[in-house]
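Enquirer: Take this structure, written in structure tokens, and hold onto it; I'll ask about it next.
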Amino acid sequence: MASCSPCFTLESTGQAIAIDGVPADVFVALLDHLYTDSTEVAAEMALPLFAAADRFGVERLKLHCASRLEAGLSIEDACAVLAAADRHQAQELREHCVSFIVTHFREVHTTDGFRDLPRELLQVVHSAISTRLCPTGAGAPSTQLQSPGGAPGLAGAESARLSQVALGMDNLRVDP
């Protein structure tokens, strides 16, 4: 196992080793992959196995789980997968999730997962909506608004305005 991941270089002491934060079935699936090189991943196991593969440095399994997550992305889990992709530095999966959320924004924005997204990821989604609704001209520099805290992103009123436009409610007034 040590050849598959540097996390598994331990001296055998014959004592049990506690592995916190990883459910037993997920760890068994990770071990199965390490011993058999199996790439069979059940849909419901893809997200927790993706996180475990990242934690233990099993890059090939992480990539396979990311591919499985991308292929099975749904309205209900898009935000959870986006948050996991961001947390585990899976840029391609993150970009795919953002694109999916923007494409299905009308449905995704009503989910609990969307309401639970961290502010930074909401800014990423709003920026992608802005880009889709108002693409900059070829070669023109894009301007980035500053949020009230000074972080790059959209100001509150502009963010709300973009959300309304994306929902087809662009006739509503947003007061700054």
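The values are calculated or read from the model by the stated rules, or taken from the named source; none is laboratory data. Here the structure is a predicted model, which means the values were calculated and not measured. Ideal geometry is used to build each Cβ from the backbone, glycine not excepted, and the neighbour counts take in all protein chains shown.
Enquirer: Among the residues of the stretch 1-27, how many are exposed (fewer than 10 other Cβ atoms within 10 Å of the Cβ) and either modelled with pLDDT of 90 or more or in contact with a Ser or Thr (Cβ under 7 Å, 6 or more places away or on another chain) (or both)?
Expert: 1
Enquirer: If you take the residues of the stretch 36-47 that are assigned to a helix (DSSP H, G or I) and among the aliphatic types (A, V, I, L, M), which of them is nearest to residue 80 (Cα to Cα)?
Expert: By that ranking, first place goes to 47.
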